[in-house]
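Single-structure report; data block below.
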Amino acid sequence: MTPVRRSAQLDATSTDAQRSPPIVAHRAHREVRASWESRLTDLHLSSPQASLLRAVAEQPGTGLRELARKLHTDPMNAKRIADGLEAAGLLCSCDDPTDKRRRVLGPTDAGRALSTEVARRGRNW
């Protein structure tokens, strides 16, 4: 029996690991996200920003917790993204008249127009 070099064993193991479904899915996700973000470059939006902007435009008056659940992220991340979009003049926020602890978001005219363009690009992708 010929002894197998340790490095050859590691190579065989890493090849198997690289073919595992979670690794393959992760790579596919990265490629899809990179492709989508390349379509958003000239709009100066990241994929998470485009998702949040679309969600708010589709359902104005949504709160941050609802958005976080819809986008499968945590409320602090949703807030950070929303704050950036608000600073860019794409979203506006105000107190919820029925619950003073809650702030609701809505698109500005510029945000609505940009959201429509994001949706168009998504349909043509």
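Taking the Cα centre of the range 6-124 as origin and assigning +1 to Lys and Arg Cβ atoms and -1 to Asp and Glu Cβ atoms, the resulting dipole is close to 240 debye.
With a Förster radius of 22 Å applied to the C-beta separation of ARG65 and ASP109, the computed FRET efficiency comes to 0.30. One Cα centroid belongs to the range 17-32, the other to the range 39-94; the line between them spans 27 Å.
In the chain, helical runs assigned H by DSSP with n ≥ 4 each contribute -39500 (n - 2.57); averaged across all residues and rounded to the nearest 500, the mean residue ellipticity at 222 nm is -21000 deg cm²/dmol. Amide H contacts of THR62 (H built 1.01 Å from N, in plane; Pro and chain starts excluded): LEU105 sit under 5 Å, all sequence-distant by 5 or more or on other chains.
Couplings for the range 22-36, taken from phi via the Karplus curve 6.51 cos²θ - 1.76 cosθ + 1.60 with θ = phi - 60°, read x, 5, 4, 5, 4, 5, 4, 4, 4, 5, 5, 4, 4, 4, 5 Hz in order; Gly and Pro are left as x.
Here the Kirkwood formula puts the hydrodynamic radius of the chain at 17.0 Å, using every distinct Cα pair.
Per-residue Karplus couplings for the range 65-74, computed as 6.51 cos²θ - 1.76 cosθ + 1.60 with θ equal to phi - 60°, are listed in order as 5, 4, 4, 4, 5, 5, 8, 6, 9, 8 Hz, Gly and Pro entered as x.
Look at the dipole of the chain built from charges on Cβ: of ALA55, VAL24, ALA110, the Cα furthest out on the positive end belongs to VAL24. Helix 109-124 and the longest principal axis of the C-alpha atoms of the chain enclose an angle of approximately 40°.
Read-outs: derived from the displayed coordinates by stated rules, not from any lab. Note that the structure is a prediction, hence the values are computed from the model and not measured. Every residue, glycine among them, receives a Cβ derived from its backbone with ideal geometry; neighbour counts consider all protein chains shown.
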